[in-house]
Structures are given as C-alpha cells and as structure tokens.
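Below: the structure, in structure tokens.
What follows is calculated from the coordinates using simple rules that are stated; it is not laboratory data. Note that this is a predicted model, so its numbers are computed, not measured. When we count neighbours, we look across all protein chains shown, and the Cβ atoms used for this are built from the backbone with ideal geometry, even at glycine.
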Amino acid sequence: EAQVTQNPRYLITVTGKKLTVTCSQNMNHEYMSWYRQDPGLGLRQIYYSMNVEVTDKGDVPEGYKVSRKEKRNFPLILESPSPNQTSLYFCASSFDRNTEAFFGQGTRLTVV
Amino acid sequence: GNSVTQMEGPVTLSEEAFLTINCTYTATGYPSLFWYVQYPGEGLQLLLKATKADDKGSNKGFEATYRKETTSFHLEKGSVQVSDSAVYFCALSVRGYSTLTFGKGTMLLVSP
C-alpha cells in the first residue's frame with residue numbers, strides 16, 4: 001500500500017530536549033516536505049526537499065532542521081524545542097513539487 | 001505571489017443538503033488546483049484536482065470546476081452525508097514554485 005508513515009503520532013516533551021520526528025514514504029517520490037498545522041493559520045510549510053541531499057527552507061523554518069540522506073526518508077529535527085513549536089506536524093511526498101501530495105497521519109507535538 | 005482564500009467555517013448543514021465551499025486564488029502563472037479533505041484525527045487526502053481551465057474534478061460525489069475567468073475553484077456536493085464532516089482545504093501549485101499553497105481550511109459539520 002502506498003503510504004507516508006510518520007512516527008511518533010503523539011509526543012510530549014520538555015523545552016530544550018532534542019527530538020526527531022521520522023517520515024518515510026514507499027512511493028519512490030522525489031519531493032518531500034514538512035508542514036505544521038495551527039488553528040486559524042492553516043498549513044504552513046517548514047522545509048522541503050526536491051531530491052536526496054537537496055533541502056530548502058519553507059515559510060516557517062526557524063527552530064527546525066531536516067536531512068535527506070535517502071530518497072524514502074525525511075526526518076524533522078527540533079534541536080531545542082520551545083513551547084511555540086507545539087503543533088500538529090505533517091510530512092508529505094509527491095512525484096514532483098507540482099503534483100498531488102500524499103500526507104502522513106500527523107504527529108501531535110506538545111512542548112512544555 | 002500565490003495565495004488561496006477559502007470561506008471561513010464552520011459550515012453547518014443537515015444531511016442531504018447542498019454544499020458549496022468557495023475558493024478563490026491568485027497565482028503567478030497557470031496553476032493546478034486541488035481540494036484536500038482532512039477527517040478527524042487523520043492526515044490530508046486528495047479529494048479532487050483540475051490542471052487546466054474549464055476542467056472539472058470529481059470524486060465521491062464532490063465536484064469543482066477550474067474557472068480561470070473568476071479565478072475560482074468552488075467545491076460542491078448535491079447531497080451531503082454525516083460522514084462528509086471534515087475540514088476541506090483548497091490548494092494550488094504553479095510550475096516553477098516549490099510549494100503547494102493552501103487555504104486555511106473550512107470545517108464542514110453535517111448533522112443527521
């Protein structure tokens with residue numbers, strides 16, 4: 001089954017404790033991205049990657065890092081999480097940047 | 001730049017009522033247009049799409065027509081069901097830009 005898998009689904013952490021949210025896709029897509037979803041603000045793109053070893057900032061990259069060492073994986077790293085990063089995060093992949101995106105189930109992160 | 005404007009929700013309807021969710025856009029270039037649906041606790045799923053002017057996308061009884069002259073892509077369904085309760089996102093992509101641009105989402109609540 002074609003899918004985008006994120007882990008964990010839920011995470012509660014403390015300010016400053018580094019964390020990684022994993023994302024993996026099995027569709028051989030070149031384009032992957034991370035979004036955060038906040039009430040009243042909709043979806044905002046954090047980072048994207050057009051291929052292996054190619055990543056770039058989206059609209060709200062501050063406080064986040066990503067890497068793309070393999071085509072299927074695109075982890076999101078929060079080196080020093082803060083409460084304003086409490087949000088619902090989605091990973092997405094697509095054949096290229098202009099075709100339909102496939103989304104993961106989401107990761108609900110709470111930073112206290 | 002590119003932007004998408006959706007009607008604010010929630011939209012509250014009774015089962016079997018007619019649904020319209022308005023979406024208008026601005027784009028530099030010729031966009032592809034999408035409607036995504038997010039059911040409670042889940043990620044976004046593509047509902048339908050249209051890639052050129054006058055195209056009609058349809059799926060699960062939902063329809064939307066790409067209207068270049070009015071820069072609109074309104075979502076319609078003739079008879080909604082309780083199971084259609086979800087958040088609906090209008091989105092666009094333009095060749096040469098690296099991101100999908102989403103509207104803020106419209107929540108639909110359907111009561112029996």
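Couple of notes before you dig in:
- Peptides A:22-33, B:66-77 ranked from most to least packed, by the mean per-residue count of other Cβ atoms within 10 Å: A:22-33, B:66-77.
- Relative contact order (%) - region A:44-98, alpha-carbon pairs under 8 angstrom, separation at least six: 25 percent
- 13 Å beta-carbon shell around A:Asp56, net charge (K/R +1, D/E -1): +2
- 26 Å tail of the calculated P(r), the protein assembly as shown, as % of Cα pairs: 37 percent
- Peptide A:43-54 has a mean of 2 when you count, residue by residue, the C-beta atoms of other protein chains within 10 Å of its C-beta.
- Close amide-amide hydrogen proximity is noted between B:Leu48 and B:Trp35, each under 5 Å apart and 5 or more residues distant or on a separate chain (H modeled in the peptide plane; Pro and chain starts excluded).
- Label point distance in nm, B:Val82-B:Met107, each placed 7 Å from Cα along Cα→Cβ: 1.9 nm
- Chain A, relative contact order [Cα under 8 Å, separation at least 6], %: 36 percent
- Values of log10 I(q)/I(0), in the order q = 0.09, 0.13, 0.16, 0.20 Å⁻¹, for chain A under a Debye, Cα-only, solvent-free model: -0.20, -0.42, -0.65, -1.02
- Of all DSSP bridge pairs formed entirely within chain B, close to 90 percent run antiparallel.
- Cα-Cα separations in region B:55-112 greater than 19 Å, expressed as whole percent: 40 percent
- Per-residue mean of foreign Cβ neighbours for A:89-98 is 3 (Cβ atoms of other chains, 10 Å radius).
- For B:Ala86, nonlocal amide neighbours, meaning residues 5 or more places apart or on other chains whose placed amide H falls under 5 Å from its own, are B:Leu108.
- For region B:52-112 versus region A:49-112, the spacing of their alpha-carbon centroids is 24 Å.
- Each of B:Gly57, B:Leu75, A:Leu19 was placed along the dipole of the protein assembly as shown (beta-carbon charges, centred on the mean Cα), and the one lying farthest toward the positive end is A:Leu19.
- The Cα trace of chain B gives Rg and Dmax of 13.5, 45 Å, the first to one decimal, the second as a whole number.
- Relative contact order (%) - chain B, alpha-carbon pairs under 8 angstrom, separation at least six: 37 percent
- The Rg/Rh ratio of region B:34-75, with Rg taken over Cα atoms and Rh as the Kirkwood radius over Cα pairs, comes to 1.03.
- Per-residue shielding of B:36-43, expressed as the average number of other chain Cβ atoms within 10 Å of the residue Cβ, stands at 4.
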